[in-house]
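The values are calculated or read from the model by the stated rules, or taken from the named source; none is laboratory data. Being a predicted model, the structure only gives us computed values, none of them experimental. Glycine also receives a Cβ, built like all others from the backbone with ideal geometry; neighbour counts cover every protein chain displayed. Note: areas computed on protein heavy atoms with side chains; ligands, DNA, RNA excluded. Shrake-Rupley method; radii C 1.70, N 1.55, O 1.52, S 1.80 Å.
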Amino acid sequence: MSKSKYDVQVNPDLCTGCLRCGLACSELYTGAFNPLLARIHVKVSGATCEILFTEECNACGVCADNCFFEALTKTRKEAQA
Amino acid sequence: MSPGGFAGNTIYVDLSTGVIEKRPLDLGLAEKFQGGLGLCIRLAHEAISPGRGALSPENPIVLGTGPLVGTHLPATSRLYAVTKLPTSGTVGWCGSGGVNFACMLKNAGFDHVVIRGRAERPVYLEIFNDDMKIRDAGHLWGKGVEETDAILWEKYGRPTGILAIGQAGENLVPFSMAFVEGLATLGRGGFGAVMGSKNLKAVVARGERGIRVADKKRYKEVSRAFLKSMREYPYLKEWQDLGLVKSFPLVPVEQYKAMKKRRVACVSCPVGCKDVVEIPDGEYRGLVKGTSSVINLYTPVIYGFKDYRESIRFMALLDDYGLDMFEFFGIMGFTAELTRRGIIPAQDVDPEIRVDSLASMSAWAEKISLRRGLGDLLAGGFPGILEALGPEAEPFAPSLVKGMHPYAGPGSSLPWDLFGTMELGQVLDPRGPHVGAGGSPTYFAKRPLEVFPKHLRRMGVPEGALGRILQKGEAEDEEGILRVGRLLRYSHRWFAILGSLGVCARAAINRFYSVSACAEMAEAVTGFPTDPETLELRADRSWTLLRIMNLRDGFSRNKQETLPDRWFREDGFKDYATGDPLRPETVEKMIEDYYGEWGWDLETGAPTPETIARLSLEEESKK
Ligand code: SF4
Ligand code: SF4
Ligand code: SF4
């Protein structure tokens with residue numbers, strides 16, 4: 001994730017499983033929408049939720065831009081220093 | 001530009017012979033009917049032979065999504081099914097927030113699935129990457145929805161889409177439903193029994209293909225602007241947190257907050273309306289339950305359950321069997337009355353029916369779903385019970401519409417007393433009383449008529465029709481008149497527009513959409529030239545074809561659109577705008593208004609030759 005300007009933070013408690021993150025990521029990097037082809041994988045199972053990023057994830061933050069539930073947020077790296 | 005949005009294939013399976021056939025989507029038909037609900041109706045028109053019973057192997061199930069499903073446009077998640085339904089005997093639509101199923105079906109390569117025949121043994125369908133397999137479901141048969149889903153997820157992983165029935169569907173209970181991932185239903189009217197009659201326990205879908213849009217640049221512009229407007233909507237957070245709970249005093253907000261574990265949203269939905277809750281204390285502490293709407297979990301409270309925790313416990317059981325709550329409680333009340341009257345011998349009624357008791361209701365949900373003892377008779381639904389017990393029982397039955405208990409109105413689960421489009425829709429929707437298709441501004445009680453035009457324009461009501469729907473009073477201070485029948489015609493069309501694209505029609509989402517936004521999205525995604533008028537025309541065509549199919553099966557006005565007496569008693573419905581008691585003549589007039597606005601014959605409800613020509617349905621109307 002090091003080359004990106006952003007850090008992407010996750011809060012699985014707020015995740016609804018809407019897969020908007022994966023839809024946006026897959027479209028950006030493969031040209032077609034499919035959450036299974038994304039660099040983020042969200043698995044909601046009743047009260048539990050797991051959010052994982054694949055190795056190809058470059059922390060571009062587009063998934064966070066598409067999350068309406070604050071389960072993903074992005075922050076500028078510089079701002080944290 | 002090649003058409004986008006669609007997965008591009010339809011898959012046909014005959015469960016009697018095991019033959020599976022993949023056909024490329026007919027793009028001419030896709031353009032003519034838009035896709036989704038519209039194309040489901042068209043494919044059903046071809047697949048259904050008139051006169052065949054809902055539970056016969058010849059009754060096909062047509063499943064489908066819409067061209068926008070699978071994109072990241074908001075709440076483009078819907079799954080539709082069209083089939084003949086056992087309770088009404090009519091061809092009806094069933095629809096659900098598709099959770100993950102609809103998106104996964106498309107990524108498996110299919111827009112539609114047509115299922116015919118009856119398998120010899122219980123089976124489920126596995127639809128993966130351009131392929132379908134018929135799998136043995138012996139290990140799933142006899143299990144509830146929750147366990148079935150758990151076994152299938154264990155095998156296939158998440159987010160595999162699952163459509164499954166419980167024991168009630170297996171046992172052909174005509175008020176059984178199918179569940180999408182345990183969180184949404186293809187329901188009222190007996191869709192679960194149609195699956196059960198085919199020995200079809202479940203359908204699972206998952207795929208690695210992707211959905212492409214025809215015009216990327218335009219898609220980007222349209223989606224960006226639309227999503228921005230949703231983000232900026234001042235009440236978004238409130239809808240996300242509370243949804244309809246804020247207008248349902250039945251569910252105390254603090255109680256809801258204390259048990260809420262997670263809001264769940266269908267694929268692409270920025271609002272979310274489904275919940276996972278956990279009972280925080282008491283005997284059922286720790287019970288986790290997912291639901292299509294938390295309001296459903298409180299339905300038993302309407303019938304007298306004193307403790308909301310018992311109510312949730314009971315709904316978990318009812319959903320697991322796959323029973324329709326409105327019909328179940330209606331039948332329980334009816335059976336209790338027949339027992340009091342001695343029409344059903346008291347010794348057969350064990351345990352005693354008490355609609356406010358968890359123990360009694362749980363026992364009866366089981367007896368009905370498994371068809372044990374008297375449960376077998378009750379599992380016939382109102383039409384089955386009345387047929388078995390004869391005229392003696394009839395005076396004690398609630399007023400029925402198309403064989404079902406109306407969900408809204410005097411004496412119903414939702415005792416709303418104003419007669420708006422949803423209430424009239426219970427009679428005019430071909431599937432019978434269902435919450436889905438009749439939405440309009442009358443959904444919220446006593447909205448002033450001045451605010452209607454804004455909403456009606458958004459729904460695509462033409463300027464010329466506004467004056468026919470909202471008639472001014474003669475004098476300055478006189479109440480305006482709302483022509484509910486005419487308005488309902490446009491509610492149904494608006495529903496068909498959203499449904500054919502695959503957009504959710506629930507209040508939380510519908511409010512953001514307009515017919516012009518839909519047209520822009522449809523054009524960008526599919527590449528078919530689409531303006532609001534073409535979208536409206538395609539929807540008119542689809543809904544009219546549904547009408548034609550039912551007429552073909554013998555459902556004329558008199559047979560289809562009968563009114564319950566109960567609505568016109570002193571404590572019956574009131575006119576939406578004036579609050580005056582509703583009269584049967586007024587409703588008969590509304591039905592004519594509805595037909596007239598559609599271009600259907602006022603007497604019979606059949607589309608006129610001019611309407612058929614306008615909609616280019618000549619060929620379909622001959623078959
Ligand atoms: S940060 Fe970028 S690459 Fe990583 S998952 Fe999100 S959208 Fe995909
Ligand atoms: S967009 Fe946000 S809420 Fe939706 S699945 Fe991704 S992380 Fe969860
Ligand atoms: S509003 Fe509810 S049913 Fe509709 S798409 Fe969102 S979560 Fe699904």
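Averaged over A:26-39, how many beta carbons belonging to a partner chain fall within 10 Å of each residue's beta carbon?
Values: counts 4, 9, 0, 0, 2, 4, 9, 16, 11, 10, 10, 4, 0, 0.
The shielding value for this peptide is 6.
If each residue of separation counts as 0.36 nm, what is the full-extension length gain between B:Ala359 and B:Arg614 once their alpha-carbon separation is subtracted? Provide the component values of the computation, followed by the final result.
Working: separation 255, 0.36 × 255 = 91.80 nm, distance 5.71 nm.
Fully extending the segment from B:Ala359 to B:Arg614 adds 86.1 nm.
Averaged per residue, what accessible surface does the range A:6-76 expose to a 1.4 Å probe, in Å²?
Details: 2860 Å² over 71 residues.
For the range A:6-76, the solvent-accessible area averages 40 Å² per residue.
State which entries of B:Lys84/B:Lys261; B:Lys84/B:Lys306; B:Lys155/B:Lys198 exceed 29 angstrom in Cα-Cα distance in the structure shown. Walk me through the numbers before you get to the answer.
On the way: B:Lys84/B:Lys261 38 Å; B:Lys84/B:Lys306 38 Å; B:Lys155/B:Lys198 23 Å.
Beyond 29 Å: B:Lys84/B:Lys261; B:Lys84/B:Lys306.
Considering protein heavy atoms only and a 1.4 Å probe radius, which residues within the range B:155-177 exhibit an accessible-area decrease of no less than 30 Å² in the full assembly relative to the chain by itself?
Those residues are B:Arg158, B:Pro159.
Nearest 0.05, what FRET efficiency do B:Thr586 and B:Asp131 give at R0 = 41 Å with Cβ-Cβ as r? Please report the intermediate quantities before stating the final value.
Values: r = 55 Å, r/R0 = 1.34.
The formula returns an efficiency of 0.15 here.
Please give the calculated 222 nm ellipticity per residue for chain B, where each DSSP H segment of at least 4 residues contributes -39500 (n - 2.57) and the sum is spread over every residue; nearest 500 deg cm²/dmol? Kindly include the intermediate steps, with their values, before the conclusion.
Values: 27 runs with 248 residues, N = 623.
Mean residue ellipticity at 222 nm (helix-derived): -11500 deg cm²/dmol.
Mind giving me the nanometre distance, one decimal, between the label points for B:Arg121 and A:Glu56, set 7 Å out from Cα along Cα→Cβ?
For the pair B:Arg121/A:Glu56, the computed spacing is 4.1 nm.
Give the aspartates and glutamates reachable from B:Lys237 as a straight Cα distance under 14 Å; neighbours fewer than 8 places away on the same chain don't count.
A:Glu70
Which value, in Å² and to the nearest 10, is the accessible area of B:Lys237 when all protein chains are kept and the probe is 1.4 Å?
Accessible surface of B:Lys237 is approximately 110 Å².
What is the Cα centroid distance between the range B:557-605 and the range A:13-53, reported in whole angstrom?
The range B:557-605 and the range A:13-53 have Cα centres separated by 48 Å.
Among B:343-351, B:217-225, what's the highest-first ranking by average C-beta atoms within 10 angstrom per residue?
Ranked by mean Cβ neighbours within 10 Å, highest first: B:217-225, B:343-351.
Could you work out the relative contact order of chain B, using alpha carbon pairs under 8 angstrom and six or more residues apart, expressed as a whole percent?
Working: 1343 pairs, mean separation 98.6, N = 623.
Rounded, it is 16 percent for chain B.
Assuming R0 = 35 Å, what is the FRET efficiency of B:Lys454 and B:Glu46, from their Cβ-Cβ distance, to the nearest 0.05? Mind dumping the intermediate values first?
Values: r = 39 Å, r/R0 = 1.13.
The computed FRET efficiency comes out at 0.35.
With each run of n ≥ 4 DSSP H residues scored as -39500 (n - 2.57), what mean residue ellipticity at 222 nm is computed for chain A after dividing by its residue count and rounding to the nearest 500 deg cm²/dmol?
Values: 3 runs with 20 residues, N = 81.
Per the formula, -6000 deg cm²/dmol.
Tell me the accessible surface of B:Ile134 in square angstrom (1.4 angstrom probe, heavy atoms of protein chains only), to the nearest ten.
Roughly 60 Å² of B:Ile134 is accessible to a 1.4 Å probe.
Taking the solvent-accessible surface of protein heavy atoms with a 1.4 Å probe, what is the per residue accessible area of chain B in Å²?
Values: 22230 Å² over 623 residues.
Per-residue accessible area for chain B comes out at 36 Å².
As a test of reading the structure, rank B:Glu58, B:Glu463, B:Glu283 by solvent-accessible area (1.4 Å probe, protein chains only), most first. Walk me through the numbers on the way to the answer.
Values: B:Glu58 85, B:Glu463 110, B:Glu283 155 Å².
Result of the area sort, largest leading: B:Glu283, B:Glu463, B:Glu58.
Kindly state, to the nearest 0.05, the FRET efficiency for B:Glu147 paired with B:Arg285, given R0 = 22 Å and r defined as their beta-carbon distance. Show your work: numbers first, answer last.
Values: r = 21 Å, r/R0 = 0.97.
That gives a FRET efficiency of 0.55.
To the nearest 100 Å², how much accessible surface do chains A and B cover up together, summed over both, with a 1.4 Å probe? Before the final figure, lay out each step's value.
Details: alone 5280 and 23500 Å², together 26100 Å².
Protein heavy atoms only, the A-B interface buries about 2700 Å².
Roughly how many whole Å is it from the C-alpha centroid of the range B:140-194 to that of the range B:1-35?
So the two Cα centres are separated by 24 Å.
What is the distance in Å between the Cα centres of the range B:300-341 and the range B:199-270?
If we compute the Cα centre of each part, the gap is 29 Å.
Using 0.36 nm times the number of residues separating B:Ile302 and B:Lys257, minus their current alpha carbon distance, what extension gain do you get? Let's see the in-between values first.
Working: separation 45, 0.36 × 45 = 16.20 nm, distance 2.03 nm.
Contour length minus Cα-Cα distance gives 14.2 nm.
Average partner chain C-beta neighbours within 10 Å, per residue of B:257-268? It would help to have the intermediate numbers written out before the result.
Details: counts 0, 0, 0, 0, 4, 11, 6, 7, 9, 4, 8, 8.
Partner-chain Cβ atoms within 10 Å, mean over residues of B:257-268: 5.
Taking the Cα centre of the protein assembly as shown as the origin and placing charges on Cβ (Lys, Arg +1; Asp, Glu -1), which of B:Ile344, B:Pro433, B:Gly272 is farthest toward the positive end of the dipole?
B:Gly272
Using +1 at the C-beta of Lys and Arg and -1 at the C-beta of Asp and Glu, which of B:Val91, B:Gly109, B:Ser229 has the Cα lying farthest in the positive direction of the dipole of chain B?
Projecting each Cα onto the dipole axis, the largest value belongs to B:Gly109.
Using only protein heavy atoms and a 1.4 Å probe, report how much of A:Cys60 is accessible, in Å² to the nearest 10.
Ignoring ligands and nucleic acids, A:Cys60 comes out at about 40 Å².
Does the protein assembly as shown classify as rounded, prolate or oblate by the C-alpha gyration tensor (a ≥ b ≥ c root eigenvalues; a/c under 1.5 gives rounded; else a/b over b/c gives prolate, otherwise oblate)?
Numbers: a/c = 1.35, a/b = 1.18, b/c = 1.14.
The shape class here is rounded.
Please report, as a whole percent, how much of the solvent-accessible surface of the protein assembly as shown comes from carbon and sulfur atoms (probe radius 1.4 Å).
Numbers: 13080 of 26100 Å².
Carbon plus sulfur share of accessible area: 50 percent.
Arrange the residues A:Leu52, B:Leu501 by how much accessible surface each exposes, largest first, with a 1.4 angstrom probe.
Working: A:Leu52 90, B:Leu501 0 Å².
Greatest to least solvent exposure: A:Leu52, B:Leu501.
Counting partner chain Cβ atoms within 10 Å of every residue's Cβ in A:45-52, what's the average?
Numbers: counts 6, 11, 8, 4, 3, 1, 0, 0.
Mean shielding count: 4.
For B:Trp153, B:Trp494, give the ranking by accessible area with the largest first, probe 1.4 Å.
On the way: B:Trp153 40, B:Trp494 5 Å².
Result, largest first: B:Trp153, B:Trp494.
Please give the residues of the range B:1-45, grouped as numeric ranges, whose backbone N is less than 20 Å from a label point set 7 Å along the Cα-to-Cβ vector of B:Glu208.
Of the residues in the range B:1-45, B:7-9 have backbone N under 20 Å from the label point off B:Glu208.
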